Structures are given as C-alpha cells and as structure tokens.
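Structure record follows, encoded as structure tokens.
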Amino acid sequence: MAQAIFRDTAREWWTRYMLRGSRYYAEECWRRLEREVMPEIGHEPIANITAPMILNILRRIEGRGTIETAHKLKAHISQTFRYAIACGHVFSNPARDLSWALTPKSSKPRPAITEPRQVGRLLKDIEGFSSVKRRCAVKFAILTFVRPGELCTAEWAEIEAETASWRIPADKMKMKRPHIVPLSGPPACVAMSVCLEAPSGTSGQRWSVRDSPR
C-alpha cells in the first residue's frame, strides 16, 4: 500500500474541513501552507515527518518575527495529522505538543477611539486617501460593519439596486448563511461612488480594494 504524502493529506483535510467555513479564510490558510510548509515537507510521506522537522519550519517563521503565523501553521499541521490518524495513515501527531517549544503569542488590546474629536480626525484622514476606491471601502466598512474579507471579495453582482441591499452569499460568510446588508442612505451613496469610478464592463467583478493604492 502506497504511503500517504503530506501535501495530499493536507489537501484532503482542507477540502473536507476548512471549506465548511469561510472560503476566504480557507484559501488564506492554504496559501500559508503552500508558501511556508509545502516546499519543505509537502513531498514527504506523512508517516516520516517528525516533530523536529515541523519545529524547524516553525522556528524559521518565528525568526522573521511572525509569531502568530507560526502558531497558526502549527495548528494547521496538527489538524492535518489528526485527520491522518483518523484515516489510518499515522498513529501519532508530532505537532501536538510543539506550542511549548514556540514563543508564546502576546495579545495587546486594540486601540479604540472614544473621543468625538478623534472620530472627526479619523474621518478627515480617510478623506485624504488619494484612491477613491480605498476611501469608499473604508467608509463602507464603517457604515455596514462587515468583515474585511467580505468587503474585499464583494462583487457588483451581489448589489441589488431594486431592494437597496447587498446580498452576501453563504460561502463567503463565517457561519455559512447568506447575509443581507441594507444599503439605503449613506451606504448606498458610498457604493455608488465606487461604481462611478469602476471601468465599464466590470459589473460582475470584485471591487479589488486590496489592489488600490492609498
């Protein structure tokens, strides 16, 4: 019987488990694995992978100062091994206890704006963005309270002018349920501002906010 390869097993785990949640997060997870892990152990039979091999990858990532990324990848690798155990490919999970060998994650409270004058300064700074698309995207996020991933992958086909709403498909939502965002008033004006800047023929495409310069 042929030995299971790590990359193939990880892809099976990703398809069966990660795609049940947000597709945006799942794709981000796979890109992270492809970039950081697969070049070193992706071709290896999963039964041959040891804890020191995994730790070497994680400490390399830590060396760049990206502590949280190292912990996320440790979790992805560990989940792949848990899946492999269930499938009978391996009998143990070499990534399970590696958190103790990594630098602990440090959490810092996120700064919050509590003074009205600071809110005004923020809005003024947003108006200073040279990109109309980027400026409107930030305003749109403030008015609708959607997640960054939902905003960055928004498509014009999801906007319904007749009902003044933005219908986000279930596969883009964390809870896998469709979500409707009302666009009457200010949000509709902001969306229209982006639409006026969009080239003709792009009604079915994404906003591509990430590609816009400041």
Check: Does R31 meet the test of being loosely packed, with under 15 Cβ neighbours inside 10 Å, within 30 Å of P178 (Cβ to Cβ), modelled with pLDDT under 90 and of a type outside the set (G, A, S)?
Finding: no
Next item on the list: Please tell me if A141 is surrounded by 11 or more Cβ atoms within 10 Å (Cβ to Cβ), at pLDDT 80 or above and within 30 Å of I61 (Cβ to Cβ).
Entry: yes
Item checked: Of all residues making up segment 94-114, the number that are among the hydrophobic types (A, V, I, L, M, F, W, C), surrounded by 11 or more Cβ atoms within 10 Å (Cβ to Cβ) and over 24 Å from the mean Cα position of the chain (by Cα) -> 2
Note to self: Restricting to segment 172-186, and then to whatever is in a loop (DSSP other than H, G, I, E, B) and either exposed (fewer than 13 other Cβ atoms within 10 Å of the Cβ) or at pLDDT 75 or above (or both), can you tell me which residue is nearest to the chain's Cα centre (by Cα)?
What the structure shows: M173
Checklist line | The listed residue being at pLDDT 95 or above, over 22 Å from the mean Cα position of the chain (by Cα) and charged (D, E, K, R), out of R82, R121 | finding: R82
Next item on the list: Looking only at segment 108-130, decide whether some residue is in contact (Cβ under 8 Å) with a residue 12 or more places away in the chain, within 30 Å of E44 (Cβ to Cβ) and either out of contact with any Pro (no Cβ under 6 Å at 6 or more places or on another chain) or not hydrophobic (A, V, I, L, M, F, W, C) (or both).
Entry: no
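The values are calculated or read from the model by the stated rules, or taken from the named source; none is laboratory data. A quick note: this is a predicted structure, and the numbers were derived from the prediction, not measured. Every residue, glycine among them, receives a Cβ derived from its backbone with ideal geometry; neighbour counts consider all protein chains shown.
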